[in-house]
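Asks: For reference, the structure I am asking about is given below.
The values are calculated or read from the model by the stated rules, or taken from the named source; none is laboratory data. Predicted model only: the values in this text are computed from it and were never measured. So basically every Cβ, Gly included, is an ideal-geometry build from the backbone, and we count neighbours across all protein chains shown. Accessible surface areas use protein heavy atoms only, side chains included; no ligands, DNA or RNA. Shrake-Rupley method; radii C 1.70, N 1.55, O 1.52, S 1.80 Å.
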Amino acid sequence: NERRPGYPEDKKSFPSGHATGSFAFAAVVASQHDWYWGLLGYAFAGYVSVSRVNDDWHYLHDILAGATIGSAYGYGLSYYYQNKKPPKFWFNLLPTPDKGLGLALSSHW
(Lines give C-alpha, C1' and ligand atoms only; values in the text may rest on other atoms or scores of the structure.)
Protein backbone atom coordinates (compact mmCIF):
# COMPACT_ATOMS: atom_id res chain seq x y z
CA ASN A 1 0.00 0.00 0.00
CA GLU A 2 2.92 2.36 -0.54
CA ARG A 3 2.04 5.47 -2.51
CA ARG A 4 3.86 6.31 -5.71
CA PRO A 5 6.24 9.29 -5.48
CA GLY A 6 4.66 11.39 -8.24
CA TYR A 7 1.12 10.03 -7.96
CA PRO A 8 0.07 10.07 -4.29
CA GLU A 9 -3.46 8.83 -5.03
CA ASP A 10 -2.06 5.53 -6.38
CA LYS A 11 -1.12 2.99 -3.69
CA LYS A 12 0.56 0.36 -5.91
CA SER A 13 4.20 1.39 -5.85
CA PHE A 14 5.86 -1.72 -4.40
CA PRO A 15 7.31 -3.70 -6.18
CA SER A 16 7.77 -2.44 -9.70
CA GLY A 17 6.03 -4.74 -12.16
CA HIS A 18 7.97 -3.28 -15.08
CA ALA A 19 11.28 -4.04 -13.34
CA THR A 20 10.09 -7.53 -12.44
CA GLY A 21 9.09 -8.38 -16.00
CA SER A 22 12.14 -6.87 -17.66
CA PHE A 23 14.60 -8.54 -15.27
CA ALA A 24 12.83 -11.89 -15.66
CA PHE A 25 13.26 -11.53 -19.42
CA ALA A 26 16.92 -10.55 -19.00
CA ALA A 27 17.62 -13.51 -16.70
CA VAL A 28 16.17 -16.00 -19.18
CA VAL A 29 18.10 -14.45 -22.06
CA ALA A 30 21.33 -14.39 -20.02
CA SER A 31 21.01 -18.02 -18.98
CA GLN A 32 19.97 -19.40 -22.39
CA HIS A 33 22.12 -17.38 -24.82
CA ASP A 34 25.60 -15.94 -25.28
CA TRP A 35 26.92 -13.41 -22.77
CA TYR A 36 26.44 -10.40 -25.08
CA TRP A 37 22.71 -11.11 -25.42
CA GLY A 38 22.47 -11.36 -21.64
CA LEU A 39 24.31 -8.06 -21.30
CA LEU A 40 21.91 -6.46 -23.77
CA GLY A 41 18.94 -7.90 -21.86
CA TYR A 42 20.19 -6.54 -18.55
CA ALA A 43 20.94 -3.16 -20.14
CA PHE A 44 17.36 -3.06 -21.39
CA ALA A 45 16.03 -4.06 -17.94
CA GLY A 46 18.18 -1.40 -16.28
CA TYR A 47 16.91 1.25 -18.69
CA VAL A 48 13.28 0.28 -18.03
CA SER A 49 13.84 0.35 -14.27
CA VAL A 50 15.68 3.68 -14.20
CA SER A 51 12.99 5.24 -16.37
CA ARG A 52 10.34 4.20 -13.81
CA VAL A 53 12.21 6.11 -11.10
CA ASN A 54 12.91 9.05 -13.42
CA ASP A 55 9.21 9.35 -14.31
CA ASP A 56 8.19 9.37 -10.61
CA TRP A 57 6.33 6.06 -10.76
CA HIS A 58 8.60 4.21 -8.30
CA TYR A 59 11.18 4.56 -5.58
CA LEU A 60 14.60 2.92 -5.81
CA HIS A 61 13.62 0.12 -3.41
CA ASP A 62 10.59 -0.66 -5.61
CA ILE A 63 12.75 -1.41 -8.63
CA LEU A 64 15.39 -3.25 -6.58
CA ALA A 65 12.70 -5.56 -5.21
CA GLY A 66 11.24 -6.01 -8.69
CA ALA A 67 14.69 -6.78 -10.12
CA THR A 68 15.30 -9.39 -7.42
CA ILE A 69 11.93 -11.06 -7.92
CA GLY A 70 12.21 -11.00 -11.71
CA SER A 71 15.77 -12.34 -11.81
CA ALA A 72 14.93 -15.16 -9.41
CA TYR A 73 11.87 -16.06 -11.47
CA GLY A 74 13.78 -15.95 -14.76
CA TYR A 75 16.64 -18.10 -13.50
CA GLY A 76 14.11 -20.50 -11.96
CA LEU A 77 12.35 -20.88 -15.30
CA SER A 78 15.66 -21.43 -17.02
CA TYR A 79 16.67 -24.06 -14.45
CA TYR A 80 13.38 -25.87 -14.96
CA TYR A 81 13.75 -25.74 -18.74
CA GLN A 82 17.31 -27.11 -18.66
CA ASN A 83 16.58 -29.91 -16.18
CA LYS A 84 13.06 -30.79 -17.40
CA LYS A 85 12.00 -31.78 -13.91
CA PRO A 86 10.80 -29.67 -10.99
CA PRO A 87 12.16 -30.08 -7.47
CA LYS A 88 10.30 -32.52 -5.19
CA PHE A 89 8.98 -29.73 -2.97
CA TRP A 90 8.56 -26.00 -3.58
CA PHE A 91 6.80 -23.00 -2.09
CA ASN A 92 4.15 -20.89 -3.82
CA LEU A 93 2.78 -17.47 -2.99
CA LEU A 94 -0.98 -17.42 -3.47
CA PRO A 95 -3.44 -14.53 -3.26
CA THR A 96 -5.96 -14.70 -0.44
CA PRO A 97 -9.55 -13.38 -0.41
CA ASP A 98 -8.59 -10.48 1.89
CA LYS A 99 -6.08 -9.13 -0.68
CA GLY A 100 -3.11 -10.69 1.08
CA LEU A 101 -0.69 -13.45 0.23
CA GLY A 102 -0.53 -17.01 1.51
CA LEU A 103 2.39 -19.40 1.44
CA ALA A 104 1.75 -22.94 0.18
CA LEU A 105 4.07 -25.95 0.16
CA SER A 106 3.66 -27.98 -3.03
CA SER A 107 4.90 -31.33 -4.26
CA HIS A 108 4.50 -33.65 -7.21
CA TRP A 109 3.98 -37.41 -7.20
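Asks: Percent of accessible area on the chain owned by carbon and sulfur, 1.4 Å probe? Intermediate results must be reported in sequence, preceding the final value.
Replies: Values: 5180 of 7930 Å².
After summing per-atom areas, the C and S share lands at 65 percent.
Asks: For the chain, report the accessible area per residue in Å² (1.4 Å probe, heavy atoms, rounded to an integer).
Replies: Ligands and nucleic acids excluded, the figure is 73 Å² per residue.
Asks: Distance in nm between label sites at V50 and S107, each 7 Å beyond Cα in the beta-carbon direction?
Replies: A separation of 4.8 nm, rounded to one decimal place.
Asks: Please list Y75, Y47, Y81 from largest to smallest accessible area, probe radius 1.4 Å, with all protein chains kept in place.
Replies: On the way: Y75 105, Y47 160, Y81 130 Å².
Final ranking, largest accessible area leading: Y47, Y81, Y75.
Asks: What dipole magnitude, in Debye to the nearest 20, does the chain give about its Cα centre under +1 on Lys/Arg Cβ and -1 on Asp/Glu Cβ?
Replies: Working: 9 positive and 8 negative charges, 89 e Å.
With only Lys, Arg, Asp and Glu charged at Cβ, the dipole is about 420 debye.
Asks: Rounded to a whole number, what is D in µm²/s for the chain from Stokes-Einstein with the Kirkwood radius over alpha-carbon pairs (4 °C, 1.567 mPa s)? Each step should come with its number before you reach the end.
Replies: Working: Rh = 15.3 Å.
For these conditions, the coefficient is 85 µm²/s.
Asks: Give the relative contact order (percent, whole number) for the chain; include only Cα pairs under 8 Å separated by 6+ residues.
Replies: On the way: 160 pairs, mean separation 30.5, N = 109.
Relative CO of the chain lands at 28 percent.
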